[in-house]
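Presented below is the structure to which this report refers.
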């Protein structure tokens with residue numbers, strides 16, 4: 001099942017129930033208006049329900065995670081507690097990953113024993129709550145597709161998490177469009193160069209570590225270098241940027257303009273960045289000013305930085321952070 005979108009839209013997986021498909025255990029759905037009506041304008045959703053694909057049917061007996069802390073929980077029926085569908089869901093996950101390497105992200109259903117990203121309830125054998133974990137399908141994706149951005153639909157209500165997730169989707173799309181088709185050491189260096197400020201806004205040490213890794217990677221197999229770099233890059237972006245780290249990135253951008261601007265203009269830009277740091281204005285305010293002057297005075301290098309436009313402006317993601 002797929003949600004219609006333009007051919008150039010970015011492919012992203014989504015739990016089928018979030019698109020309005022009636023695939024939940026009780027025959028219901030959890031349609032997400034934001035995903036379909038806002039993100040759906042830019043993303044091409046590929047829907048998936050691991051429990052349905054595992055043959056559990058609709059309607060079906062609910063399942064839940066069962067196990068002890070420190071162990072991988074099993075997926076079992078809530079009424080027929082001897083029914084264990086763990087292997088089926090895990091195999092469905094493995095098959096899904098093998099067939100969907102083209103995806104740039106996946107939006108998940110909160111609390112699901114298969115699709116829950118985190119804080120999914122795990123029960124003791126006697127039915128009492130034990131602890132929390134990730135859903136079985138999510139565990140498989142993390143193991144076999146670690147670079148794929150994952151997020152729960154409910155967490156997209158948080159402006160910072162929402163912006164972070166969409167940034168990761170578009171960063172991975174850059175890699176898949178510009179590195180994967182004709183992989184080379186040069187292509188990875190170019191990617192690393194244009195992602196510099198985005199990386200710095202998330203984790204400065206990661207930019208340096210990954211840069212050193214690429215500089216010393218000539219003697220390593222290309223496939224090994226690609227996988228190591230991509231996983232490290234996506235792991236760094238998974239750590240949400242802070243107001244402090246964004247301020248650092250903004251100051252770096254200003255540094256590329258300082259010799260082209262008069263004193264008053266520099267002071268205006270510094271004031272805007274300081275207002276952002278003090279939480280008086282959102283990130284879009286200093287970014288809009290900086291982009292204005294970059295169009296006039298910016299070098300090719302700084303103007304190619306993905307941080308300047310990490311996702312479509314129309315989504316307004318930087319208006320709330």
Check your understanding: Would a scan of region 178-191 turn up a residue that is under 29 Å from residue 276 (Cβ atoms), surrounded by 14 or more Cβ atoms within 10 Å (Cβ to Cβ), over 14 Å from the mean Cα position of the chain (by Cα) and not assigned by TED's automatic domain parsing to the domain that holds residue 106?
Key -> yes
Check your understanding: Taking region 58-84 as the region of interest, how many residues are under 22 Å from residue 23 (Cα atoms), touching a helix residue (DSSP H, G or I) at 6+ places or on another chain (Cβ under 9 Å) and not in a strand (DSSP E or B)?
Key -> 2
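Scan region 284-321 for residues that are part of a loop (DSSP other than H, G, I, E, B) and out of contact with any helix residue (DSSP H, G or I) (no Cβ under 6 Å at 6 or more places or on another chain) and jot them down. Before the answer, list the steps.
Taking region 284-321 first, the residues part of a loop (DSSP other than H, G, I, E, B) are 298-299, 304-305, 309-312, 316, 320-321.
Of everything in region 284-321, those that are part of a loop (DSSP other than H, G, I, E, B) and out of contact with any helix residue (DSSP H, G or I) (no Cβ under 6 Å at 6 or more places or on another chain) turn out to be 298, 299, 309, 312, 316.
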Revision key, fill the gap. Counting only residues that are under 22 Å from residue 186 (Cβ atoms), within 18 Å of the chain's Cα centre (by Cα) and loosely packed, with under 14 Cβ neighbours inside 10 Å, region 215-247 contains a total of 2
Check your understanding: Just one of the numbered conditions (1) outside the structural domain of residue 211 (by TED's automatic domain parsing); (2) more than 21 Å from residue 225 (Cα to Cα); (3) within 18 Å of the chain's Cα centre (by Cα) is not true of residue 146; which one?
Key -> (2)
Check your understanding: Which residues, taken from region 96-119, are more than 15 Å from the chain's Cα centre (by Cα), under 21 Å from residue 54 (Cα atoms) and surrounded by fewer than 22 Cβ atoms within 10 Å (Cβ to Cβ)?
Key -> 96, 97, 98, 99, 100, 110, 111
Study note, to complete from the structure: Scanning region 119-160 residue by residue, the ones that are farther than 14 Å from residue 106 by Cα and assigned to a loop (DSSP other than H, G, I, E, B) total 8
Review point. Quick check: anything in region 17-31 more than 17 Å from residue 114 (Cβ to Cβ), touching a strand residue (DSSP E or B) at 6+ places or on another chain (Cβ under 6 Å) and surrounded by 18 or more Cβ atoms within 10 Å (Cβ to Cβ)?
Key: no
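The values are calculated or read from the model by the stated rules, or taken from the named source; none is laboratory data. These figures come from a predicted structure and were not determined experimentally. Here the Cβ is made from the backbone with ideal geometry for all residues, glycine too, and neighbour counts use every protein chain on show.
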